[in-house]
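This report refers to the structure that appears directly beneath it.
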Amino acid sequence: MVMYPMSDMQYQAVYNTLSFSLASMMATTVYLWFRSTAVRDKFRSAVLISGLVTFIAAYHYIRIFNSWVEAYVYSAGKSDPELTGVPFNDAYRYMDWLLTVPLSLIEILLVMKLDEATYNVKSKTLGVGSALMIVSGYYGELTVTGDLTPRWICWAVSMCFFLYIVFELLVGLKAATESETDPTIKSKIQLAQVMTVISWCTYPVVYLFPMLGITASNAVVAIQIGYCVSDIISKCGVGLVIYQVTYAKSNKDGALLP
């Protein structure tokens, strides 16, 4: 990835956003794993996987944060950081998505009324589709200035898989969502689906920043902050909603731990 000089404000903005994202992922992981004992066994996998998603993300945010720190250094008498020559490795983010995006879809499937055959088909198709979405977008992420043709191509290909996943979440799984008789549970499942779609819609928008005239260091800062916000919503936010769904379903089935 091409490195660009940063002002102190730009560097600190990314630094603090990465730090906040890391803390959010760690806190959500601890909460979900501790609260997994409060739901019935048949729903526990969904909560544990939700915690696994944020745990994997926390690990990669540690690597991203450290890589950002290693890429710049402050010198005495200078207010802005200087490049160290060590490139910032943003590939950690894509490695994270390659693992966590399929898992995020599976955690939603686990709380829905699906027979085993349907669950197996949906988990495979959504898992493969999401992986292809991530892989197809990576090459374009390496270009944030100059000839943006590769970025446009990667964005277009990745969007095809993205739209398929959105269709499956909102239309393909609609029958399973509507089969929920409890209005509270149904509304929470719908909330998880909508939150996933809305948060995911921010990723392709952030990807477009360099094509919208945001270049060089400004593009790097905007992309990093944008992806962090999207990650917090799609991983922490959706994970907490998944816990609420499993808790409500467990409560419906019988007594629970408080």
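The values are calculated or read from the model by the stated rules, or taken from the named source; none is laboratory data. Bear in mind that the values here come from a model prediction, so they are computed numbers and not experimental data. Heads up, the Cβs are rebuilt from the backbone with ideal geometry, glycines too, and the neighbour counts pull from every protein chain shown. Quick note on the areas: whole protein, heavy atoms, side chains included, nothing else; ligands and nucleic acids left out. Shrake-Rupley method; radii C 1.70, N 1.55, O 1.52, S 1.80 Å.
Here are the numbers:
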{"item": "Residues of region 115-138 classified as over 14 Å from Leu105 (Cα atoms), among the hydroxyl-bearing types (Ser, Thr, Tyr) and without any contact (Cβ under 8 Å) to a residue 40 or more places away in the chain, total", "result": "1"}
{"item": "Number of the exception - Thr145 against (1) of a type in the set (Ser, Thr, Tyr); (2) over 22 Å from Gly237 (Cβ atoms); (3) open to solvent by 30 Å² or more (accessible area, probe 1.4 Å); (4) assigned to a helix (DSSP H, G or I)", "result": "(4)"}
{"item": "Criterion: part of a helix (DSSP H, G or I), of a type in the set (Gly, Ala, Ser) and surrounded by fewer than 16 Cβ atoms within 10 Å (Cβ to Cβ) - qualifying residue of Ala76, Ala23", "result": "Ala23"}
{"item": "Qualifying residue in region 72-81 (condition: basic (Lys, Arg) and out of contact with any helix residue (DSSP H, G or I) (no Cβ under 6 Å at 6 or more places or on another chain))", "result": "yes"}
{"item": "Among (1) of a type in the set (A, V, I, L, M, F, W, C); (2) over 26 Å from Leu22 (Cα atoms); (3) open to solvent by less than 70 Å² (accessible area, probe 1.4 Å); (4) touching a helix residue (DSSP H, G or I) at 6+ places or on another chain (Cβ under 7 Å) - the single one Trp152 does not satisfy", "result": "(3)"}
{"item": "Evaluation of Val53 against (1) open to solvent by less than 20 Å² (accessible area, probe 1.4 Å); (2) over 14 Å from Ile232 (Cβ atoms); (3) modelled with pLDDT of 95 or more (one fails), failing number", "result": "(2)"}
{"item": "Scope region 28-44; condition within 19 Å of the chain's Cα centre (by Cα), over 13 Å from Gln244 (Cα atoms) and open to solvent by 20 Å² or more (accessible area, probe 1.4 Å); matching residues", "result": "Val30, Trp33"}
{"item": "Neighbours by Cβ (under 9 Å, 6+ apart or cross-chain): first from region 215-227, without any contact (Cβ under 8 Å) to a residue 40 or more places away in the chain; second open to solvent by less than 30 Å² (accessible area, probe 1.4 Å)", "result": "Ala222/Val206; Ala222/Pro210; Gly226/Val206; Gly226/Tyr207"}
{"item": "Any hit, region 218-233, residues being assigned to a helix (DSSP H, G or I), among the charged types (D, E, K, R) and open to solvent by less than 10 Å² (accessible area, probe 1.4 Å)", "result": "yes"}
{"item": "Lone qualifier among Tyr92, Tyr61 - being buried (at least 20 other Cβ atoms within 10 Å of the Cβ) and among the aromatic types (Phe, Trp, Tyr)", "result": "Tyr61"}
{"item": "Tally of residues being out of contact with any Phe, Trp or Tyr (no Cβ under 8 Å at 6 or more places or on another chain) and touching a residue at least 40 places away in the same chain (Cβ under 8 Å) across region 1-26", "result": "10"}
{"item": "Condition check for Val135: β-branched (Val, Ile, Thr) and in a helix (DSSP H, G or I)", "result": "yes"}
